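Colleague: Please see the structure below; I have some questions.
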Amino acid sequence: MAGNSQRRNRRTSSKKGATVGSGGQRRKGLEGRGPTPPAEMRPGHKKNRIAAVQARKSTGRQQRPAGRGGRSASEMVVGRNPVVEALRADIPATAVYVQQFIDNDDRVREALRLATDRGVPLMEAPKPELDRMTSGLNHQGIALQIPPYEYAHPEDLLGEAADRGEDALIVALDGVTDPRNLGAVVRSVAAFGGHGVVVPERRAAGMTAGAWKTSAGTAARVPVARATNLTRALEAYQKAGLTVVGLAADGDVELYDLDVLDGPVVIVAGSEGKGLSRLVGETCDLLVRIPMPGGAAESLNAGVAAGVVLYEAARRRS
C-alpha cells in the first residue's frame, strides 16, 4: 500500500526540475519594436480596414477602359529614399505599402508622416506580397503606388488655347525616351505660357514618377496628350492652322529669324542622339536651328532646346 501511495504521489506531482536556459530568446522578446505604427497600418484597426477598402477601389478604377487620351499603367516607386523624395515632391500617390515588422529608421518614419499628412492610405503587406508587387526589386520594405496618368487628346490642347483666348503654343516630342526630359519640357511649357505637350504612344517617355518630379509640380496643370501616330497628329494641327516647327541642328532657319512664333505654332523636338525621325522631319513646315556661339556642344537635349524656343516665343508674344 505504501508503494502504491508513493507512485500515485509521483504521478500527481507538478514540481518541475531545473530548465535549460533560453539562449537569449526571452531577452529578444523584451526588446522594443520601435514607435507604434499609425492606425492605418495596424491589422484589425478600423482605419486599416478603411484604407484597404480605399486601395481596392483605387485598383478597380485603374482597370476601367481608357478615355480619349488613354491612361498609363500604375507605377511602383520602391526603396526608402525614392519613396520619401516622391512624397516630398507631391507626386500623386494611391497608397504606401509597408512591409510587416519593418525596421523603422528616419526615412521610414518620414515617409509615413508625409503619407499621413497627405491622406495617402498606408497598407501593411508581408514581404512575399511586397516582392510580388514590386517584381522582385529591392524595395527595402516600402513602396509607393503612383496612379495611372490621365492623358489628354491632341485636340484637347487646341481647346486649352481657345479657352484662354490665345494662339496655340504646343510642344511635341519625337523619340524622347527620358522621363526627365519630358518633365523638364512640361515645366518650361508652364513657365512660358504654353498650352500642352504631345508625346507618341509608343517608344516614348510617359508621365512616370521621374517626369512628375522633374516637372516640379507643373504636371498637375499642364496637359500632356498622347498621340497614336505623331505624324498624323502634326498634320491635324496643320489643318487647324498651326505652323509645325521642327528643331534640327542643320535647320535652314535660325531661331532669331523665325517669324511664326507669335502665331499658332507647334514646336517639335527630337531625341538628343537621333534628332527628328524622317517622317516627322518631312512633315514639319520649317526646320529651325538654335545658334550656339560657344560651340562647345553639337546639340541640346529636348528639355533645354524646347525651353529656349518657348522663351523666344513668350518674348515675342508679350
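Colleague: Would the stretch 278-288 turn up any residue that is more than 30 Å from Pro147 (Cβ to Cβ), open to solvent by 60 Å² or more (accessible area, probe 1.4 Å) and in a loop (DSSP other than H, G, I, E, B)?
Modeller: First, pick out the residues of the stretch 278-288 that are more than 30 Å from Pro147 (Cβ to Cβ): 278-288.
Now narrow it down to the ones that are open to solvent by 60 Å² or more (accessible area, probe 1.4 Å): 278-279, 282, 285.
If we keep only those that are in a loop (DSSP other than H, G, I, E, B) too, we end up with 285.
Looking through the stretch 278-288, at least one residue is more than 30 Å from Pro147 (Cβ to Cβ), open to solvent by 60 Å² or more (accessible area, probe 1.4 Å) and in a loop (DSSP other than H, G, I, E, B).
Colleague: I'd like the full set of residues that are under 23 Å from His195 (Cβ atoms) and of a type outside the set (D, E, K, R), limited to the stretch 254-270.
Modeller: Matches in the stretch 254-270: Leu255, Leu258, Val260, Leu261, Gly263, Pro264, Val265, Val266, Ile267, Val268, Ala269, Gly270.
Colleague: So in the stretch 103-134, with the set limited to residues that are touching a residue at least 12 places away in the same chain (Cβ under 8 Å) and of a type in the set (Gly, Ala, Ser), which one is farthest from Gly196 (Cα to Cα)?
Modeller: Within the stretch 103-134, the match that is farthest from Gly196 (Cα to Cα) is Ala125.
Colleague: In the stretch 206-222, what residues are surrounded by fewer than 22 Cβ atoms within 10 Å (Cβ to Cβ) and either more than 23 Å from Gly275 (Cβ to Cβ) or touching an Asp or Glu at 6+ places or on another chain (Cβ under 7 Å) (or both)?
Modeller: Thr208, Lys213, Ala216, Gly217, Thr218, Ala220, Arg221 - these are the residues of the stretch 206-222 that are surrounded by fewer than 22 Cβ atoms within 10 Å (Cβ to Cβ) and either more than 23 Å from Gly275 (Cβ to Cβ) or touching an Asp or Glu at 6+ places or on another chain (Cβ under 7 Å) (or both).
Colleague: Could you list, in sequence order, all residues of the stretch 234-257 that are open to solvent by 20 Å² or more (accessible area, probe 1.4 Å), part of a helix (DSSP H, G or I) and at pLDDT 95 or above?
Modeller: Glu235, Ala236, Gln238, Lys239
Colleague: Being of a type outside the set (Ser, Thr, Tyr), under 16 Å from Arg80 (Cβ atoms) and surrounded by fewer than 20 Cβ atoms within 10 Å (Cβ to Cβ) narrows it down to one of Leu144, Leu122, Leu137, so name that one.
Modeller: Residue meeting the stated conditions: Leu137.
Colleague: Which fully enclosed helices (runs of 4 or more DSSP H) of the stretch 38-151 have 1 or more residues being over 21 Å from Thr218 (Cα atoms) and at pLDDT below 65?
Modeller: Those helices (runs of 4 or more DSSP H) span 46-62.
Colleague: Now for a separate question. Being within 19 Å of Asp174 (Cβ to Cβ), in contact with a Ser or Thr (Cβ under 6 Å, 6 or more places away or on another chain) and free of Cβ contacts under 8 Å to residues at least 60 places away in the same chain: is that true of Asp285 here?
Modeller: Numbers: within 19 Å of Asp174 (Cβ to Cβ): yes; in contact with a Ser or Thr (Cβ under 6 Å, 6 or more places away or on another chain): yes; free of Cβ contacts under 8 Å to residues at least 60 places away in the same chain: yes.
In short, yes.
Colleague: Within the bounds of the stretch 159-181, is there any residue that is without any contact (Cβ under 8 Å) to a residue 60 or more places away in the chain and buried (at least 20 other Cβ atoms within 10 Å of the Cβ)?
Modeller: Scanning the stretch 159-181 turns up at least one residue that is without any contact (Cβ under 8 Å) to a residue 60 or more places away in the chain and buried (at least 20 other Cβ atoms within 10 Å of the Cβ).
Colleague: Tell me yes or no: at least one residue of the stretch 223-238 is more than 21 Å from Leu182 (Cβ to Cβ) and more than 31 Å from the chain's Cα centre (by Cα).
Modeller: Yes, the conditions are met somewhere in the stretch 223-238.
The values are calculated or read from the model by the stated rules, or taken from the named source; none is laboratory data. The structure displayed is predicted, hence computed values, not measured ones. All Cβ positions, even for glycine, are placed from backbone atoms using ideal geometry, and neighbour counts span all protein chains on display. Quick note on the areas: whole protein, heavy atoms, side chains included, nothing else; ligands and nucleic acids left out. Shrake-Rupley method; radii C 1.70, N 1.55, O 1.52, S 1.80 Å.
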